[in-house]
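Below you'll find the structure, written out as C-alpha cells, and then a few comments.
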Amino acid sequence: MSNSQLTPGIAPGRLPADVIARNFDDVEPPFDMHEAQVAADRCYFCHDAPCITACPTSIDIPLFIRQIVTGTPEAAAKTIWDQNILGGMCARVCPTETLCEEACVREAAEGKPVEIGRLQRFATSVAMPKPHPYTRAPATGKRVAVVGAGPAGLSCAHRLAMKGHDVVIYEARPKPGGLNEYGIAAYKATKGFAQAEVDWLLQIGGIEIRCNQALGRDITLDGLRAGHDAVFLGIGLAGVNALGIPGEDLDGVRDAVDFIADLRQAALPALPVGRDVVVIGGGMTAVDAAVQSKLLGAENVTMVYRRGKDRMSASAYEQDHAAQVGVKIVTNAVPVKVTGSGKAEAVEFAYASDGRPGAETFTLRADQVFKAIGQKLSGVPAGVAVDGGKIAGPGAGVWAGGDCAAGGEDLTVTAVAEGRDAAEAIHAHLMGQA
C-alpha cells in the first residue's frame, strides 16, 4: 500500500511522484526575452543607483538592465560576472527583497521594485551556454591552495585563475559547490544548476578540484603552506548548534542542514518525511526545511522561533512563502524537551519573552524534528585566530573568506564578494604589489 500524508511516522512517497516534481519546480518561471525587456524597461537607470550600493558584490545593475533593454543579454551577463562570477546562483538564492530590490527607487515610489533578481537570472542563463567570456593571463608560475569549493572558494579560484595563477581546490565533500550544492532549497536551484555553474566556471582553466579532501583529516594547513605560494580558507560553517534539551538524541531529531543536503542529492519521492514535522529556528535554513517538508507531503509542519516574528532572520518574503505552502509559524516559544519512547513523538515548548522561557507550556505532536538554530565554525587549524566564532587572523600567507570569516552576513553573495576580494589581495601579494 502506498503512503500518504496520513501515514504515521517518517515515510517516503507521501505524494505522487509527479506532484512532488511540480512542487519542486521553479517557484517563479524564468523570463523569456520579451518578458525580460518589459521588466527591464521599468528601470529608471539611476546615475547614483542605490541598488548598486545595496549589492554586496557591487554589480552595476542599471548597466546590465540597460543591456537587456538593448537586446544584448550576453553583455549584461558579462557585466554581472565581472563583479559576481556566481551571478546565476545568486540570482536564484539572494534575498533580493532585502538587498538590491529593497533599495530600488521603484520600491520606494510604488511598492513594486524592478525585478532585478529575475533579470539577472535571465541574462546569465542566456549567456552560460556561450563560450566562456574570460581568458587567463600569462602564467605566473604561482600556485595557490583554496580550501573549500563553496561560493567563496570558487569565486577566489576563478579570479586567481584569471590572473594567471594555478589553483588547486581541496573540498571535503564528494562534490564541489558547497552551500550552493548542499545547503540551498531544491526548488531554488532546479535542474542541477549548481553543478552546471561549477562546470561553467572551470572553463577558465588553471583550476583543479580535489574532492574528499578534508582539512585536518586528509590535508593540513602546514602542508598546504609548504606546497603552495598562498592559501585561501573558505571552509564555511560545518558545525551545528545543539538545542541542549532532553530528548535531543531521540530518533527523528536531526539537523536541518543535513536534511536539506539529502534533499539536494536524493531522488525526492524516495526521501522520507514525517507526518507531523516541527522545525526549530527562524532563519533561512529553518524556512527551507519547513517548506520542503510540506512539499514532500508532510501533513502538518510547524516552524517555532524563540523571539517575535520581526526578529526572525528569514525575510518577510520567505516567511510569507512558507505560510503560503501551509507552514504554520509560531513565535515567542522556546523548546523545553522532545518526548517519545526511543523516537520523537512530541516537542514541549514554553512561551517566551524576548527568547527567555516562561512558566506556561504547550506541546506539538512531532515524529520528525529539525534543528535550525544556527551553524558554527569547526575544524579550524592550530595557529589560526578565531574571534566571535569566526576566523579573524588566518596567519602569514593565508587568507579567509565566506561564512567562516569575520565580518559580513552569511550569504552566498557576500561569500562571493569576499572570495573575489581575497583573490585580488593574494594576487597583489604574490606579484609584490602589496
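The values are calculated or read from the model by the stated rules, or taken from the named source; none is laboratory data. Given the structure is predicted, the values throughout are model-derived calculations rather than measurements. Here Cβ is always computed from backbone atoms with ideal geometry, including for glycine, and neighbour counts include all displayed protein chains. With ligands, DNA and RNA removed, areas are computed over all heavy atoms of the protein, side chains included. Shrake-Rupley method; radii C 1.70, N 1.55, O 1.52, S 1.80 Å.
Here the dipole of segment 1-41 is about 480 debye; that uses its Cα centre as origin and unit charges on the Cβ of Lys and Arg (positive) and Asp and Glu (negative). For segment 143-257, the convex hull drawn through the C-alpha positions has a volume of 120 cubic angstrom per residue.
Of Q67, V93, A109, which is farthest along the charge dipole of segment 59-112 in the positive direction, counting Lys and Arg as +1 and Asp and Glu as -1 at C-beta? With unit charges placed on the Cβ atoms, the residue in question is Q67.
The lysines whose alpha-carbon is closer than 29 Å to the alpha-carbon of K390, local same-chain residues fewer than 8 away aside, are K142, K163, K175, K188, K309, K371, K376.
Maximal additional length on extending the K191-R311 stretch stands at 39.9 nm, based on 0.36 nm per residue less the C-alpha distance. Taking one quarter of the surface of the convex hull spanned by the alpha-carbon atoms of segment 114-178 gives a direction-averaged projected area of 5.8 nm². Within the assembled protein chains, the solvent-accessible surface assigned to Y44 is about 120 Å², based on a 1.4 Å probe.
Kirkwood radius for the chain, taken over all pairs of different Cα atoms as the inverse mean of 1/r, rounds to 22.9 Å. Simple point charges give the picture: +1 on the Cβ of Lys and Arg, -1 on the Cβ of Asp and Glu, and for the chain a dipole about the Cα centre of about 500 debye. Counting only protein heavy atoms and using a 1.4 Å probe, the accessible area of D218 comes to about 70 Å². Counting only DSSP H runs of at least 4 residues, each contributing -39500 (n - 2.57), and dividing by the residue count of the chain, the helix-based mean residue ellipticity at 222 nm comes to -10000 deg cm²/dmol. Annotation: amide H of V253 within the under-5 Å range of A344, V369, sequence separation 5 or more or interchain, hydrogens built in the peptide plane.
Length gained on full extension, D320 to M431: 35.0 nm, using 0.36 nm per residue less the C-alpha separation. Here the spin labels are modelled as points 7 Å beyond Cα on the Cα-Cβ line, and at R356 and R217 they lie 4.1 nm apart. Here each label is just a point 7 Å from Cα along the line to Cβ, and for R254 and D387 those points are 3.9 nm apart.
Largest accessible area first, the residues I426, I235, I10 order themselves as I10, I235, I426 under a 1.4 Å probe with ligands, DNA and RNA left out. If one computes the Cα centroid of segment 141-212 and of segment 357-434, what distance in Å separates the two points? Going from one Cα centre to the other spans 17 Å. Under the criterion of Cα pairs below 8 Å and six or more residues apart, the relative contact order for the chain equals 19 percent. Taking 7 Å steps out from each Cα toward its Cβ at A139 and A17 produces label points 4.8 nm apart. Since only C211, G407, G148 are under comparison, the one whose Cα sits farthest along the positive direction of the charge dipole of the chain, derived from C-beta charges on Lys, Arg, Asp and Glu, is C211. Maximal additional length on extending the V27-A406 stretch stands at 133.1 nm, based on 0.36 nm per residue less the C-alpha distance.
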